[in-house]
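The structure under discussion appears below in the form of structure tokens.
The values are calculated or read from the model by the stated rules, or taken from the named source; none is laboratory data. Everything numeric in this text was worked out from a predicted model, so none of it was measured. Here Cβ is always computed from backbone atoms with ideal geometry, including for glycine, and neighbour counts include all displayed protein chains. Just the protein is used for accessible areas: all its heavy atoms, side chains included, with ligands, DNA and RNA removed. Shrake-Rupley method; radii C 1.70, N 1.55, O 1.52, S 1.80 Å.
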Amino acid sequence: MKKACRICSFDYSTSPEGYDELAAADGSPRPAAAELLRRLESFGAEEFAGRRSRIRNILNENDLNSFSRDRYRHEGVDPLPMVISPEEWRFLEAGVAQRARLFDRLAADMYGTQMLWKNGVLPPALLFANPDFLPVVWQVKVPHGLRVHLLGCDVVRGSDGRFYAAGDKLQVPEGLGRALENRLAVGRAFPELFRELRVERLAGFFKKLLDCLTALQPEGNPEGRTVLLASGPESSRRSEDAVLARYLGLQLVENDDLAVRGLHVHLKTLAGLRPIGTILRRANDGMCDPLELRIDSGEGAVGIISAVRAGNVSMANSLGVGALETPLFKPFLPLVCRE
């Protein structure tokens with residue numbers, strides 16, 4: 001059975017090569033997408049074209065970064081929102097949350113007792129031959145014992161319709177800025193769809209992220225502020241950093257804005273130095289301290305690791321978690337999860 005939306009010319013017939021997000025096995029629209037397709041067909045071809053053009057114009061006005069122009073051209077942005085049913089979302093949410101807890105406990109063991117290695121659960125090479133393992137933060141205490149505060153998980157649909165984890169970003173989870181930009185554009189172009197289909201809002205997630213950053217405030221630095229440490233000027237993430245800082249209400253800082261005095265990190269201002277308590281970092285692990293890590297780093301501040309070791313500043317995510325991004329951990333994750 002073949003059927004296509006007469007407005008957007010999208011063929012939602014069954015795909016023989018994988019899972020079709022819109023069509024069931026018999027070619028009929030999936031329950032979660034049926035209402036969306038029905039409403040889209042009620043617009044009319046001219047109206048739909050105008051809304052698609054509006055999405056492109058909004059994205060061009062915001063122009064999040066050159067990365068979007070080069071690899072995700074605005075002209076090719078799919079105007080059809082991807083629909084995930086509440087049941088699918090609960091499964092996906094639970095799975096990603098469990099994966100975040102797993103990586104957090106794995107990071108705690110890697111930079112703590114290393115019992116997974118001592119007991120032979122993981123091979124020594126995953127630790128001692130891992131170029132991203134940072135001995136300078138070994139056995140460093142972190143607030144609430146948490147090291148992974150934010151996880152970027154790449155998921156794919158299998159032909160059985162289930163979600164599978166394909167990759168993980170722990171140093172600098174990317175895509176939050178682009179998610180904001182795309183949601184803003186599609187939401188403005190199709191406001192009635194977001195309202196009438198009761199779309200889950202993004203604001204709740206960012207509120208929880210801010211609550212997490214507030215909870216990381218070190219006890220010995222109660223007056224410290226929370227800032228967002230930007231990636232380098234040439235980084236493709238730079239404009240996304242600005243979008244996140246503005247949305248979260250955090251001050252965007254660079255390496256030249258920071259000064260470490262007496263094992264405390266300060267923000268340079270015209271009124272003098274102001275203490276920093278929590279850093280949401282957008283710089284990779286190795287770029288955060290040119291004194292103890294990469295000397296060619298232009299993204300961190302000299303002495304920042306000393307302040308972390310002293311417990312005077314918290315970082316999200318904690319330094320060193322990038323060692324868990326190597327794909328060599330993947331075959332061992334089920335066993336580590338049981339342990």
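Of the residues S318, S231, S28, which exhibits the maximal mean-square fluctuation in a Gaussian network model of the chain defined by a 10 Å Cα contact cut-off?
With Cα springs under 10 Å in the chain, the top fluctuation among S318, S231, S28 is at S28.
I need the fraction of alpha carbon pairs in the chain separated by more than 37 Å, rounded to a whole percent.
Details: 16114 of 57291 pairs.
Counting pairs separated by more than 37 Å, the tail of P(r) holds 28 percent.
If you take the C-alpha gyration tensor of the range 167-223, multiply each eigenvalue by 5 and take the square root, what semi-axes do you get, largest first, in whole Å? Provide the component values of the computation, followed by the final result.
Details: eigenvalues 188, 48, 17 Å².
Sorted largest first and rounded, they come to 31, 16, 9 Å.
Got a sec to turn the phi values of the range 139-149 into Karplus ³J(HN,Hα) couplings, 6.51 cos²θ - 1.76 cosθ + 1.60 with θ = phi - 60°, whole Hz, x for Gly and Pro?
Those phi angles translate into 6, 7, 7, 10, x, 6, x, 9, 10, 9, 9 Hz.
Over the chain, with a Gaussian network built from C-alpha contacts below 10 Å, which listed residue (M82, M110, M287) shows the highest mean-square fluctuation?
Per the Cα network of the chain with a 10 Å cutoff, M82 tops the list.
Whole number please: convex hull volume per residue, Cα atoms of the range 126-262, in Å³.
Numbers: hull volume 27.4 nm³, N = 137.
Residue-normalised Cα hull volume stands at 200 Å³.
Got a number for the accessible area of R238? Probe 1.4 Å, square angstrom, nearest 10.
In the full protein context, R238 sits at about 50 Å².
Could you report the range 227-312's accessible area per residue, 1.4 Å probe, as an integer in Å²? Walk me through the numbers before you get to the answer.
Numbers: 3670 Å² over 86 residues.
Accessible area per residue, the range 227-312: 43 Å².
Rank R274, R195, R52 by mean-square fluctuation in a GNM of the chain with C-alpha springs under 10 angstrom and give only the top-ranked residue.
Of the options given, R195 has the highest mean-square fluctuation.
What is the angle, in °, between the Cα long axis of helix 176-189 and the longest principal axis of the Cα atoms in the chain? Nearest 10 is fine, range 0 to 90.
The answer is roughly 30 degrees.
Show me 83-92, 182-191 ranked by packing, highest mean number of other Cβ atoms within 10 Å first.
Numbers: 83-92: 13.4, 182-191: 18.6.
Going from most to least packed, we get 182-191, 83-92.
When only C-alpha pairs under 8 Å and at least 6 residues apart count, what is the relative contact order of the chain, in percent? Intermediate values should be presented prior to the final figure.
On the way: 483 pairs, mean separation 61.5, N = 339.
Computed over the chain, the figure is 18 percent.
When the accessible area of the chain is computed with all protein chains present and a 1.4 Å probe, what percentage of it is carbon and sulfur? It would help to have the intermediate numbers written out before the result.
Working: 9430 of 17750 Å².
Result for the chain: 53 percent of the exposed heavy-atom area is carbon or sulfur.
When the Cα centres of the range 256-296 and the range 108-122 are compared, how far apart do they sit, in Å?
Between the Cα centre of the range 256-296 and that of the range 108-122, the gap is 30 Å.
Can you give the Rg/Rh ratio of the range 191-339, where Rg is from the C-alpha atoms and Rh is the Kirkwood radius? Spell out each step's value before the answer.
On the way: Rg = 17.7 Å, Rh = 17.0 Å.
Radius of gyration over Kirkwood radius for the range 191-339 works out to 1.04.
Among the DSSP beta bridges whose two residues both lie in the chain, what percent are antiparallel, rounded to the nearest 5? Could the numbers behind the result be given before it?
Values: 16 of 27 bridges.
If we restrict to bridges inside the chain, about 60 percent are antiparallel.
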